[in-house]
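Sharing a structure with you now.
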Amino acid sequence: MSETKFKCCICGKDVTEYGNDPWPIKEEGRCCSYCNWTVVLKERNRLSKLNREKNGN
Ligand SMILES: [Zn+2]
């Protein structure tokens, strides 16, 4: 796997890196690692917390 240039589907910047899966923020495309850490992972944490609460812990 090599680095490629792409447009981040969250912040819209052109970046050259491996790219990250933007789910659950977006279903398609790739996001930069900055958005991955600041947006995507936070949202995943939030969702898994919600799931845990739904299941009664
Ligand atoms: Zn981004």
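Every number in this text was worked out from the coordinates using simple rules, so none of it is lab data. In this text, all values refer to a predicted model and were calculated from it rather than measured experimentally. Glycine gets a Cβ as well: all are built from the backbone with ideal geometry, and neighbour counts include every protein chain shown.
Of the chymotrypsin sites (Phe, Trp or Tyr not before Pro) in the chain, which ones lie in a loop per DSSP and count no more than 16 other C-beta atoms within 10 Å? Display every interim value, and only then the final one.
Values: sites: Phe6, Tyr18, Tyr34, Trp37; in loops: Tyr18.
Passing both the DSSP loop test and the Cβ count: Tyr18.
Counting only helical runs of four or more DSSP H residues, what would the 222 nm mean residue ellipticity of the chain come to if each run contributes -39,500 (n - 2.57) and the total is spread over all its residues?
On the way: 1 runs with 14 residues, N = 57.
That calculation yields -8000 deg cm²/dmol at 222 nm.
Compute the angle between helix 41-54 and the longest alpha-carbon principal axis of the chain, please, reported from 0 to 90 degrees and rounded to the nearest 10.
The angle comes out near 20 degrees.
What is the magnitude of the charge dipole of the chain about its Cα centre, with +1 placed on the Cβ of each Lys and Arg, -1 on the Cβ of each Asp and Glu, and no other charges, expressed in debye to the nearest 20? Could you put the intermediate results ahead of the total?
Details: 11 positive and 8 negative charges, 56 e Å.
Dipole about the Cα centre, nearest 20: 260 debye.
For the chain, just list the percent of Cα-Cα distances falling in each 5 Å bin from zero outward, please.
Distribution as computed: 4, 21, 25, 18, 12, 9, 6, 4, 1 percent.
Please compute the net charge surrounding Cys9, taking Lys and Arg as +1 and Asp and Glu as -1 over other residues with Cβ under 11 Å from its Cβ. Mind dumping the intermediate values first?
On the way: positive: Lys7, Lys13, Lys26, Arg30; negative: Asp21, Glu27, Glu28.
With Lys, Arg at +1 and Asp, Glu at -1, the net is +1.
With label points built 7 Å along Cα→Cβ from the Cα atoms of Lys5 and Leu41, find their separation and express it in nm.
2.8
Taking the dipole about the Cα centre of the chain, with the C-beta of Lys and Arg at +1 and of Asp and Glu at -1, give me whichever of Ile10, Ser48, Cys31 is farthest to the positive side.
Sorting the options by dipole projection puts first Ser48.
To continue, here is another question. Lys5: which lysines have alpha carbons under 16 Å from its alpha carbon, excluding same-chain residues fewer than 8 sequence positions away?
Reachable lysines: Lys13.
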